[in-house]
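The next block holds one structure in the form of structure tokens; read it before the comments.
Here, each number is a calculation from the coordinates, and none is a lab measurement. This structure is a prediction, so every number in the text was calculated from the model and none was measured. Here the Cβ positions follow ideal geometry from the backbone for every residue, glycine too, while neighbour counts run over all protein chains shown.
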Amino acid sequence: MKRLVLCAAALAASALAAVPARAADAPAAPVCLEIGQVYDFKPVPGNRSLIVIDRARKKYKVGFMGICPDLQFNLGLGFKSFGTGRLSCLAKGDYVIARDPAVPMNRCPIKTVEAYTPAMEQADAAAAASAKTH
């Protein structure tokens, strides 16, 4: 009986020790940039991504499947989601639509939508600074 209790206690301790390891491996919460909450945007040099700011002033980095030309010259962009409304989150396969007089409908397919962290912002600023010096 005493041996059974010790085995059960050891088993419970090993199960509790394994819980934090599983929590660390858990995926991060999904990022949701709602179409109806878009406030502003800033093109990233290279035209392969776009920084989008929502009404809560959260920043997101939207990556494209290819190059999205002339983003720096657009005063307004549209976002096309295959969701059901303005509360739909932008996701892979949705579009950023840039209006250009030369190209009637410039659609840029979205590859990724991720939170734009301060570390990412610093890395982009460093890359832009090094590009100016070279």
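Sorting 94, 54, 70, 40 from the fewest to the most surrounding beta carbons within 10 angstrom yields 40, 70, 54, 94. Using the Cβ of residue 59 as centre and a radius below 15 Å, the other residues enclosed give a net charge of -1, where K and R count +1 and D and E count -1. Taking Lys and Arg as +1 and Asp and Glu as -1, the other residues whose beta-carbon sits under 12 Å from that of residue 128 total 0. Each of 50, 75, 87, 33 was scored by other Cβ atoms within 10 Å of its Cβ. Listed from fewest to most, they are 75, 87, 50, 33. Counting neighbouring beta carbons within 10 Å and listing from fewest to most, the residues 108, 68, 89 come out as 89, 108, 68. Close Lys pairs in the stretch 35-133, defined as Cα atoms under 15 Å apart and 8 or more places apart or on different chains, number 8. A cut-off under 11 angstrom between Cβ atoms defines the neighbours of residue 98, and their net charge, with Lys, Arg +1 and Asp, Glu -1, is 0. The modelled label-to-label distance between residue 65 and residue 133, using points 7 Å beyond Cα along the C-beta direction, is 3.8 nm. Projected onto its three principal axes, the C-alpha set of the stretch 28-134 covers 46, 40, 22 Å, listed from the longest axis down.
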